Amino acid sequence: MLLTSWALSVVACSPTTGNDAAAENGALGGETVVLAVDHRSRWRELRIEGTTDLPDGAVVSYRITHALADQLSPSEWPAQNLIAHGTAVVHDSQYWAQLNTIYWPAGDVRVQVQFPVAPQSAAVRERYGEFGEQLTGDNVTTLGASKVVTIEHTLAWTR
């Protein structure tokens, strides 16, 4: 069994104001999100798993891309088999996704995890905003009308 692990923590920071208690509770329009991601591989299986301070029921999206997929036309096989994407639900401060990599050659693999993604529960939308507008910090990116927390990492995939 080959066990490989990596971690990346991303922390958003709220602006400092005179009312620290209100800022910590998001009352001033600033919410922080911490995401960490690990991976494990076993035979032809890749498992992406992470921890977060997001509440239970929050949804994160992931996109996993083998470097070879960037060199081929998207309509060509095996490019379609070298890209995986989906969502994972947070439970007890954890989320995970598992994929079969049977057709993957050795090479670099890029993993991207983002929050928020629609749909989210009413409680998550109320806390972070419909489109993440309550998110603040260095790790928050504005995409059109949305704000998202994104983490990325590249790992070396071996068969």
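The values are calculated or read from the model by the stated rules, or taken from the named source; none is laboratory data. Because the structure is a prediction, the values reported are computed rather than measured. Reconstructed Cβ throughout: ideal geometry from the backbone, glycine too, with neighbour counts over all protein chains shown.
Numbers below:
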quantity: First in region 109-138 and polar (S, T, N, Q), second anywhere and part of a helix (DSSP H, G or I), Cβ under 7 Å, 6 or more apart; calculated: GLN134/ARG127; GLN134/TYR128
quantity: Subset tally (residues that are of a type outside the set (Val, Ile, Thr), modelled with pLDDT of 90 or more and assigned to a loop (DSSP other than H, G, I, E, B)) for region 7-59; calculated: 6
quantity: Output for region 123-155, where each listed residue is farther than 15 Å from VAL90 by Cα, modelled with pLDDT of 90 or more and small (Gly, Ala, Ser); calculated: GLY129, GLY132, SER146
quantity: Among the residues listed as ALA84, ALA79, the single one being more than 16 Å from the chain's Cα centre (by Cα) and either surrounded by 15 or more Cβ atoms within 10 Å (Cβ to Cβ) or at pLDDT 95 or above (or both); calculated: ALA79
quantity: Residue match in region 117-126 (condition: among the aliphatic types (A, V, I, L, M), out of contact with any Ser or Thr (no Cβ under 9 Å at 6 or more places or on another chain) and buried (at least 18 other Cβ atoms within 10 Å of the Cβ)); calculated: yes
quantity: Residue in region 88-96 that is touching a residue at least 60 places away in the same chain (Cβ under 8 Å) and either crowded, with 18+ Cβ neighbours inside 10 Å or closer than 18 Å to ARG42 by Cα (or both) present; calculated: no
quantity: Number of the condition not met by ALA58 [criteria: (1) crowded, with 20+ Cβ neighbours inside 10 Å; (2) touching a helix residue (DSSP H, G or I) at 6+ places or on another chain (Cβ under 8 Å); (3) closer than 18 Å to HIS39 by Cα]; calculated: (3)
quantity: Residue under evaluation VAL89, criteria (1) in contact with a strand residue (DSSP E or B) (Cβ under 7 Å, 6 or more places away or on another chain); (2) modelled with pLDDT under 90, criterion not met; calculated: (2)
